[in-house]
Amino acid sequence: MIKLKEKIAYGFGDMASSMFWKLFGSYLMIFYTDVFGMPAAVVGTMFLVTRVWDSAFDPIVGIIADRTQSRWGKFRPYLLYLAIPFAIIGILTFVTPDWSDTGKVVYAYVTYSLMMMVYSAINVPYASLLGVLSPEPADRNTFSTYRMTFAYIGSFIALLLFMPMVNFFSDGHSERYGWTMGVVVIAILCAVLFYGCFAWTKERVKPIRKQQNSLKGDLMDLFHNRPWWILLGAGVSALVFNSIRDGATVYYFKYYVLEEEYASVSLCGISFVLSGLYLAVGQAANIVGVILAAPLSNHIGKKKTYMGAMLIATVLSVVFYWFDKDELVLIFVFQILISICAGSIFPLLWSMYADCADYSELQTGNRATGLIFSSSSMSQKLGWAIGSAVTGWLLAFFGFEANAAQSEEAIHGIKMFLSWLPAIGTVLSVLFIGAYPLSEKRMHDITNLLNEKRK
């Protein structure tokens, strides 16, 4: 019987990861263009170059983690040893040295690349942990639900409080100082959460074959794992959808809605800007989607739940384009509905990755959990790389100029970022997941066969 404490502790890990992931997705682009002073096209190219390399780094981490042997297991040691480096490099990413334009670009490339690598080094083992906490698919669904719930709670906290913290720390100091100190607070909290995840979780699943397969064998098994390839495509497409919407939100409210013309909303003495509220409301709605995912998928299956959610998100995203900047109620209502759909798919994806590990083990006799789960992180990185690069390039294409009134063409482009462009990602994701072959009945049979072999 898995205790509630362990389910919550597992959620702590993605709560920590998601805080920084949302800062990157929602604020890093505008930090580089409007605070650090880098051209949008340069930032877009940097995101693509660094994340493509980092995506290739994820399987390397998975391979190393699969071969790790320690008294804490294969995957938990990475949470212990990398929590502090994760926090420190995260802070350095938001430090703004007063260098030349070339120096700024070099600094951004180095710090962002290091951050993405340390993110992989801690997040791939964390994701892989799901595959060894329990052999039962039902338990994994539960762990996955806790994971995504806490991930969205972390994102909600970060997105709601980050800009108020920036404004608080900027008072009497520079805006750049405010950004850095806001990240310091987030980084400390993330390190504490990673340590909680390490301390209160336990690895239980042992491979049916004691001897570790060769690296070549692991890679060949992966390349022949058709469900893995399908999930990789679906995951990349879903993250393109998410990254474009999140990355363009602050631009949408700053330059289209003109949020500075609206009075800030104050709660408990803290002032919130519209863009921060929009993003935070989206995270709260994501939690609703996570909660709905389990009962819906148990009733109609993971595949149908995923496809239905993404098809609804496609229609809602297209309609979003025609909202006037004054129609704030509709803008927020559609954000809630789209975010519920988006929130429901990610616990399903994580659960299906665990199913892929079982499928591969039954087919080959080898369990490469870390390598298979690295694809989840890899799809995140590739999806964000493509989405962020497209955002930066198209901002430049549409004539975006930082901290200035935008042309009609630039406004058209910014509106596209929250409507038609994300819809392309949802359609692609539906096409991929439509080919996913591991039904609930098939996974039930696979689980029983593996349990027999482990006896």
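Kindly indicate whether any position in segment 123-143 is without any contact (Cβ under 8 Å) to a residue 12 or more places away in the chain, open to solvent by 10 Å² or more (accessible area, probe 1.4 Å) and part of a helix (DSSP H, G or I). Within segment 123-143, one or more residues are without any contact (Cβ under 8 Å) to a residue 12 or more places away in the chain, open to solvent by 10 Å² or more (accessible area, probe 1.4 Å) and part of a helix (DSSP H, G or I).
Could you check segment 64-80 and list, in sequence order, the residues that are of a type outside the set (D, E), over 30 Å from T180 (Cα atoms) and in a helix (DSSP H, G or I)? I'd like the intermediate steps shown before the answer.
Applying the first criterion (of a type outside the set (D, E)) to segment 64-80 yields 64-65, 67-80.
From what is left, the residues that are over 30 Å from T180 (Cα atoms) are 64-65, 67-75.
Passing the criteria: I64, A65.
Within segment 127-149, the set of residues being farther than 19 Å from I446 by Cα and either of a type outside the set (S, T, Y) or at pLDDT 95 or above (or both) comprises A127, L129, F143, R147, M148. Within segment 417-445, if we keep just the residues that are crowded, with 18+ Cβ neighbours inside 10 Å and over 21 Å from the mean Cα position of the chain (by Cα), the residue that is farthest from S134 (Cα to Cα) turns out to be Y436. Being within 20 Å of the chain's Cα centre (by Cα), part of a helix (DSSP H, G or I), within 29 Å of G178 (Cα to Cα) and modelled with pLDDT of 90 or more: is that true of A83 here? So A83 passes the test.
Check segment 302-312 and report whether any residue there is open to solvent by less than 70 Å² (accessible area, probe 1.4 Å), without any contact (Cβ under 8 Å) to a residue 24 or more places away in the chain, closer than 24 Å to V240 by Cβ and not in a helix (DSSP H, G or I). Among the residues of segment 302-312, not one is open to solvent by less than 70 Å² (accessible area, probe 1.4 Å), without any contact (Cβ under 8 Å) to a residue 24 or more places away in the chain, closer than 24 Å to V240 by Cβ and not in a helix (DSSP H, G or I), which makes the answer no.
State which residue is nearest to the chain's Cα centre (by Cα) when the search covers only segment 228-284 and only residues that are modelled with pLDDT of 90 or more and hydroxyl-bearing (S, T, Y). Looking at the filtered set, the residue picked out is S237. Selection of segment 89-103 for residues being surrounded by 18 or more Cβ atoms within 10 Å (Cβ to Cβ) and at pLDDT below 95 yields only T96.
Per the listing V105, V61, V52, the residue uniquely under 30 Å from V273 (Cα atoms), assigned to a helix (DSSP H, G or I) and in contact (Cβ under 8 Å) with a residue 60 or more places away in the chain is V105. Taken over segment 323-365, the residue count meeting the criterion of being closer than 30 Å to V205 by Cβ and surrounded by fewer than 19 Cβ atoms within 10 Å (Cβ to Cβ) is 4.
Among residues of segment 406-416 being touching a residue at least 12 places away in the same chain (Cβ under 8 Å) and of a type outside the set (V, I, T), the one that is most open to solvent (accessible area, probe 1.4 Å) is H412.
Would it be correct to say that K3 is touching an Asp or Glu at 6+ places or on another chain (Cβ under 8 Å) and either among the aliphatic types (A, V, I, L, M) or at pLDDT below 95 (or both)?
Judged against the criteria, K3 is not a match.
Listed by first and then second residue, the pairs with beta-carbon distance under 8 Å, at least 6 apart or on different chains, first residue in segment 374-402 and among the acidic types (D, E) and open to solvent by less than 10 Å² (accessible area, probe 1.4 Å), second assigned to a helix (DSSP H, G or I) and at pLDDT 75 or above, form an empty list. None of V288, V250, V315 is touching a helix residue (DSSP H, G or I) at 6+ places or on another chain (Cβ under 6 Å), open to solvent by 40 Å² or more (accessible area, probe 1.4 Å) and in a helix (DSSP H, G or I) except V288.
Regarding Y152, is this residue open to solvent by less than 60 Å² (accessible area, probe 1.4 Å) and assigned to a helix (DSSP H, G or I)? Yes, satisfied.
Of everything listed in (1) closer than 29 Å to W200 by Cα; (2) open to solvent by less than 30 Å² (accessible area, probe 1.4 Å), the single unmet condition for L82 is (2).
This table checks each residue for (1) of a type outside the set (S, T, N, Q); (2) under 17 Å from F253 (Cα atoms); (3) in contact with a helix residue (DSSP H, G or I) (Cβ under 7 Å, 6 or more places away or on another chain); (4) in a loop (DSSP other than H, G, I, E, B).
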{"residue": "L371", "(1), (2), (3), (4)": "yes, no, yes, no"}
{"residue": "Q380", "(1), (2), (3), (4)": "no, no, yes, no"}
{"residue": "G387", "(1), (2), (3), (4)": "yes, no, yes, no"}
{"residue": "A410", "(1), (2), (3), (4)": "yes, yes, no, no"}
{"residue": "A423", "(1), (2), (3), (4)": "yes, no, yes, no"}
{"residue": "V430", "(1), (2), (3), (4)": "yes, no, yes, no"}
{"residue": "M443", "(1), (2), (3), (4)": "yes, no, yes, no"}
{"residue": "T447", "(1), (2), (3), (4)": "no, no, yes, no"}
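On inspection, L23 does not qualify as assigned to a helix (DSSP H, G or I), hydrophobic (A, V, I, L, M, F, W, C) and either open to solvent by 10 Å² or more (accessible area, probe 1.4 Å) or touching a strand residue (DSSP E or B) at 6+ places or on another chain (Cβ under 7 Å) (or both).
The values are calculated or read from the model by the stated rules, or taken from the named source; none is laboratory data. Quantities reported herein were computed from a predicted structural model and do not represent experimental measurements. Glycine also receives a Cβ, built like all others from the backbone with ideal geometry; neighbour counts cover every protein chain displayed. Please note that ligands, DNA and RNA were not included when accessible areas were found on the heavy atoms of the full protein model with its side chains. Shrake-Rupley method; radii C 1.70, N 1.55, O 1.52, S 1.80 Å.
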